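Structure first, commentary second.
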Amino acid sequence: MPKAAAAPAPQSEPASYEAALEELEQLVARIESGQLPLEQMLAGYQRGAVLLNFCRTRLEAVQEQIKVLDEGALQPWTQE
């Protein structure tokens with residue numbers, strides 16, 4: 001009797017913004033290589049969407065914290 005395909009294990013939330021960004025960059029490179037089977041490409045795309053949402057959420061939270069620190073006015077970023 002053939003074995004049923006195991007459901008993929010849910011992937012954990014990234015430890016940090018940087019970890020999520022690094023994983024996302026690796027996923028994009030593998031998808032763009034064109035070497036992934038369709039199933040893995042779809043799984044990679046889904047994971048990428050999760051990582052992208054994680055990064056956006058973190059960036060928005062930091063932006064809100066900066067607004068509070070700047071007394072409600074978001075200041076342009078300048079490097080000295």
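We did not get these values from a lab; they are worked out from the coordinates using the rules stated. Just so it is clear, the model here is predicted, and its values are computed rather than measured. When we count neighbours, we look across all protein chains shown, and the Cβ atoms used for this are built from the backbone with ideal geometry, even at glycine.
Using 0.36 nm times the number of residues separating E25 and N53, minus their current alpha carbon distance, what extension gain do you get?
Taking E25 through N53 to full extension adds about 8.7 nm, to one decimal.
Got a sec? Charge dipole of the stretch 17-69, +1 on Cβ for Lys and Arg, -1 for Asp and Glu; which of P37, T57, L21 is way out at the positive end?
The residue sitting most towards the positive pole is T57.
Starting at 0 and stepping by 5 Å, how many percent of the alpha carbon pairs of the stretch 17-69 end up in each bin?
P(r) over the stretch 17-69, rounded to whole percents: 4, 21, 24, 17, 13, 8, 7, 4, 2, 1.
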